[in-house]
Amino acid sequence: MGEILIVYASRTGETKKIAELIAEGIRISGHGATIKNVNDIKNEEALKGYDGYVFGSSTYHGEMISSMKQLLFLAERADLENRVGGSFGAFGWSGEAPQRIFDTMANIYKMKMTGSPLMLKASWLEGGIVMAQDYGKSVAKLL
């Protein structure tokens, strides 16, 4: 059984809800999932010891939340190469954050990423609950 760390940055709480649904999908697949607010990660040591990572941020004015950007700099020193990864986020208008996080994880960290980032306007809209749970299952399948 693997353990996946899900770290989220949220302005309104919607990205946290998506993180919780992704964790459900991971747990349904028989693996463990730990959810942390990005503000609880103080150094790269806090990222070590997991088999996979899923990072998520809402998009605000076309960007990820600045605390997620800071986490990505920390993660660069955490030796995540060849670890399982995924990214997600809630958005209102544009939704760039999940793709930027995904690209960083794939290209800078050289992680083994699931197919694409998960981008939802809200967890409860248009099948979002099932989509988030399925995303967790797809990340877990890579372990």
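Which of Phe91, Phe55, Phe73, Phe102 has the fewest other C-beta atoms within 10 Å, and how do the rest follow up to the most?
Values: Phe91 20, Phe55 29, Phe73 10, Phe102 24.
Lowest count first: Phe73, Phe91, Phe102, Phe55.
With only alpha-carbon atoms in the gyration tensor, what are the semi-axes of the equivalent ellipsoid for region 69-143, in Å, largest first?
Working: eigenvalues 101, 49, 14 Å².
Here the semi-axes work out to 22, 16, 8 Å.
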Open item on the list: Cross-link candidates for Lys137: which aspartates and glutamates have Cα within less than 17 Å, leaving aside residues fewer than 8 places away along the same chain?
Closed with: Glu3, Glu20, Glu24, Asp51
Task: Range in the chain, longest, excluding exposed GluC sites (Glu not before Pro) [loop by DSSP; at most 13 other beta-carbon atoms within 10 Å] - done: 1-75
Open item on the list: Along its three principal axes, how long is region 9-143 when you only count alpha carbons? Whole Å, largest extent first please.
Closed with: 36, 35, 25
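For the chain, what is the mean residue ellipticity at 222 nm derived from helices alone (per DSSP H run of n ≥ 4: -39500 (n - 2.57); sum divided by total residues; nearest 500 deg cm²/dmol)? Write down the numbers at each step before the final one.
Working: 4 runs with 46 residues, N = 143.
Only helices count here, giving -10000 deg cm²/dmol.
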TODO: Lys and Arg at +1, Asp and Glu at -1: add these up for the other residues within a Cβ distance under 14 Å of Ile6 and post the number.
DONE: +1
Task: Residues of type lysines that Lys121 reaches as a straight line, Cα spacing below 18 Å, ignoring anything fewer than 8 places off in the same chain - done: Lys16, Lys17
Open item on the list: With +1 assigned to the C-beta of every Lys and Arg and -1 to the C-beta of every Asp and Glu, and no other charges, what is the dipole magnitude of region 81-143 about the Cα centre in debye, to the nearest 20?
Closed with: 200 debye
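Where a number appears in this text, it was derived from the coordinates with a stated rule and is not lab data. What you are looking at is a predicted structure, and each value in this text was computed from that prediction instead of being measured. So basically every Cβ, Gly included, is an ideal-geometry build from the backbone, and we count neighbours across all protein chains shown.
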